[in-house]
Structures are given as structure tokens and as C-alpha cells.
Amino acid sequence: EEIDGIGFDRADSMAMKLGIERDSYPRLVSGVAHVLKYNAAQNGHVCLPREKLAQASAQLLGASVERINEIIDDMLMSGKLRYSLFDNVVYLYDKFAYDCECYIAEKLDLLNRVCPSVDVSDANFFIEREERKNGFTYAFMQKKAIIGALESGVMLLTGGPGTGKTTIVKALIDIFNSMDMKVALAAPTGRAAKRLSESTSQEAKTIHRLLEFEYATDDSDRPGFRKNENDLLEENVIIIDESSMIDNILMSSLLRAIKPGARVILIGDADQLPSVG
């Protein structure tokens, strides 16, 4: 747990050769944590039902389910694990994943509450102006989406290919620019960012580039983002395409860098690729 790049499997193999007991407490604790992290990396789940975690850990570690449940209780008491209750099922997280998810929920709620809302009559004026300028009329759901983005601090825009998402984004960029708001366009991957840039005729960046990804200058040399809660993004509107591909850690990092009062518009569709992390 203290050395990057080793991993549980390699450490466990070394431990067995050194004669460490299979039922030793540190091994069982690390094994349970490994199952959660492995499941997140391979299957994309930030938590597991307690029963599944106990069974998978017992199988990996060659221990009884009862013993693993004792270990889980200890890890919950020490704060290494956290839990949430959904539909009477206890789901367990490692602390880092839980903290990320809680932060995402709290920051989205904050952004939605404190962002100044545009009056509906003003929103309709902007829509009519865009229709006159472009020579076409927006569909009902497109108008609803534009109004939603102007009224809310956080807005989710979903729909498959050809449903008019790009047309909505173009309208929103025009409207926000006319209000002297700075707009940032971004996507999780370079290809998605290029496609967004081409479809809107505006510069779009990867989220990593938007947040100014860099390696730390200290001895740990851990990668990080220059833009964070201590150095916020200047933009008033953040539009993110292909949002389904953003993982828990990247979404948390993105939201940390967005100032209260800014708008966030997350675009995607149910058939897009899942998270890459």
C-alpha cells in the first residue's frame, strides 16, 4: 500500500515466499482493499455490495467469509472503508472513491444552487434571436434544452447521434458570448475534443489540457493539475462533451477547478463508451 507500482498480487507473492501467514491481518486488509480497487479498474464500479465484496475477497485470500466480514467491520471502524445504503443493500467503497463521489455530488449541488439564473422571457428572446440569425426554428425539445441551460447551474444534455445536440451547443455558445461570458469546451479524449471543435468552430481542449495537467516538482513526482480549488478556471461556462467517459477521479478534479457561479453543461448519450478509468 505504501509503494506505487507494486500491486497486491506481487506483494502477496513476495509475502508468501517470506513466510508471512496467509491469515495475517495486514494481508487480509490489503486483499479486501485490492478487490475494491481491481473491481473499479476492470469493471468501472466505485463500490460493491458488501456480500459480493466479502465473497470475492474470501475467494482471493483463501479465507472464510466470516473472517473477511470481521476484517470489513474493522476497516469500517478505522475509516479505510466507507458505506452507503441503496434499496436496503450496503455498498462498500474505499475511502478515496467515496470521498470523490461525495465531493462530486456536493459540488454539483453547489454549482446548481449559486449560479445566477436567466429569466425565461430573456431565454425566449435569445432563442428567437438565434432563429432569425440562422434562418430555422428549433424543435420543442431543443428550446427546452437551451432554456434549461440558461436557467440552471448544472444541465445534462443527452441524446443519440442526429438528435440536435450540436445545434443546441452552437446556440448556447452564441448566447453566452453575447452575454460576455467566457466559454470553455472540453472532452475526455483528444479525438472527442477535435470533433467538438470541428462541429462548433470553437477551440475545444481535452479535460487534462483544460486543467493544465503537469508532473509535480517535488520528490514524489506525482502527476496533477495546475487548475484546482486554489487556482480556479476563469470561464463562466464549462461545456463537456462525451461525459460518460469521465471517471470519478477526473470528474472530481474538473469540478474542483470550476468556480461557484459558473455553469456546467454535460453532454452525452446512453450508447457512448463508458468511463475510461
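The values are calculated or read from the model by the stated rules, or taken from the named source; none is laboratory data. Since the model is a prediction, treat every value here as computed from it, not as a measurement. Reconstructed Cβ throughout: ideal geometry from the backbone, glycine too, with neighbour counts over all protein chains shown. Just the protein is used for accessible areas: all its heavy atoms, side chains included, with ligands, DNA and RNA removed. Shrake-Rupley method; radii C 1.70, N 1.55, O 1.52, S 1.80 Å.
Values computed for the structure shown
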read-out: HN-Hα J in Hz across the stretch 174-181 - Karplus 6.51, -1.76, 1.60, θ = phi - 60°, x for Gly and Pro; value: 4, 5, 5, 5, 5, 8, 6, 9
read-out: Residue 213 long-range amide H proximity, modeled H, under 5 Å; value: 226
read-out: Extreme residue, positive dipole direction of the stretch 64-115, given options 83, 98, 65 (C-beta unit charges); value: 98
read-out: Sulfur and carbon atoms: percent of accessible area, the stretch 43-161 [1.4 Å]; value: 55 percent
read-out: Karplus-derived 3J(HN,Hα), 6.51/-1.76/1.60, for each residue of the stretch 48-57, Hz, glycine and proline x; value: 9, x, 3, 4, 5, 4, 5, 5, 5, 5
read-out: Dipole in debye (nearest 20) - the chain, about Cα centre, beta carbon charges: Lys, Arg +1; Asp, Glu -1; value: 640 debye
read-out: Surface/4 of the Cα convex hull for the chain, nm²; value: 17.8 nm²
read-out: Set 143/165; 107/259; 170/194; 182/227; 227/259; 107/143 screened for pairs whose C-alpha atoms are more than 18 Å apart; value: 107/143
read-out: Proximal lysines to residue 37, defined as alpha-carbon separation beneath 21 angstrom and excluding residues fewer than eight positions away on the same chain; value: 52, 80, 95
read-out: 214, 130, 235, 51, reordered so the largest accessible area comes first (probe 1.4 Å); value: 51, 214, 235, 130
read-out: Alpha-carbon Rg/Rh ratio, for the stretch 96-213, with Rh computed the Kirkwood way; value: 0.99
